[in-house]
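The values are calculated or read from the model by the stated rules, or taken from the named source; none is laboratory data. The structure displayed is predicted, hence computed values, not measured ones. Cβ placement follows ideal geometry from the backbone for every residue including glycine, while neighbour counts extend to all protein chains displayed. Ligands, DNA and RNA are excluded from the accessible area calculation, which covers all protein heavy atoms including side chains. Shrake-Rupley method; radii C 1.70, N 1.55, O 1.52, S 1.80 Å.
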Amino acid sequence: MGFEVEFRNVGGEAAAIGSAGPYTLVVDRPADSGGRGLGFNGGQLLYLAIGGCVSNDLFREAHAKDIRLTTVRVVVRGNFSGEPAVSEDIAYEVEIAGNATREQLEELVSHVDAIAEIPNSVRRGTQVKLSGVRVVPG
């Protein structure tokens, strides 16, 4: 399954609308860094991608095991440093409740940690490359 997302700035501002099919979000620079602070920055999006993937996969895998989850909370923490800035180690924790035993829920979280696509992409160092540049009249 292929994915494509797109970002387009709005009205000559640093703020941009990111879209993936019918879904959108706002990205922007913090106000003290040249933006207006209207949306997520790139680091937040990276950490949200990790947390969102873990959350979605917990529900997918729970459904496959006939477990009904009533609470899922994923908190992702990290920091960026260096020049250029690169994420330091990222840690996440999960709070979970459902109609299963403690052991079953712990096993579910462990299973998802092993298979979650975004955390594994980061862990394995997925290559990111610039594939083209098109300069247009502005």
Low-density loop GluC sites (Glu not before Pro), the range 76-138, at most 15 other Cβ within 10 Å, DSSP non-H/G/I/E/B, are E88
Per residue, how much accessible area does the chain have with a 1.4 Å probe, in Å²? 74 Å²
Taking the dipole about the Cα centre of the range 26-138, with the C-beta of Lys and Arg at +1 and of Asp and Glu at -1, give me whichever of V72, G132, A31 is farthest to the positive side. G132
Low-density loop positions, chymotrypsin sites (Phe, Trp or Tyr not before Pro), the range 1-59 - DSSP coil, at most 11 other Cβ in 10 Å: F3
Anisotropy class of the range 18-138 from Cα gyration tensor, a/c 1.5 cut: prolate
From the backbone phi of the range 106-112, what are the Karplus-calculated ³J(HN,Hα) couplings (6.51 cos²θ - 1.76 cosθ + 1.60, θ = phi - 60°) in whole Hz, Gly and Pro given as x? 5, 5, 4, 5, 4, 4, 5
Under a point-charge model restricted to the Cβ atoms of Lys and Arg (+1) and Asp and Glu (-1), what is the dipole moment magnitude of the chain relative to its Cα centre, in debye to the nearest 20? 380 debye
With a sphere of radius 14 Å drawn around the Cβ of E13, what net charge do the other residues whose Cβ falls strictly inside it have (Lys, Arg +1; Asp, Glu -1)? +2
Would the range 1-81 count as rounded, prolate or oblate if I go by the C-alpha gyration tensor, calling it rounded below 1.5 in a/c and otherwise prolate when a/b exceeds b/c, oblate otherwise? prolate
Report the charge-dipole magnitude of the range 82-138 in Debye, nearest 20, computed about the Cα centre from +1 at each Lys and Arg Cβ and -1 at each Asp and Glu Cβ. 560 debye
Give the accessible area for R73 in Å² (nearest 10); use a 1.4 Å probe, count only protein heavy atoms, and leave out ligands, DNA and RNA. 130 Å²
Env charge @ L105, Cβ radius under 12 Å, K,R +1 / D,E -1, value -2
Mean projected area (nm²) of the alpha-carbon convex hull when the range 46-115 is viewed from all directions: 4.7 nm²
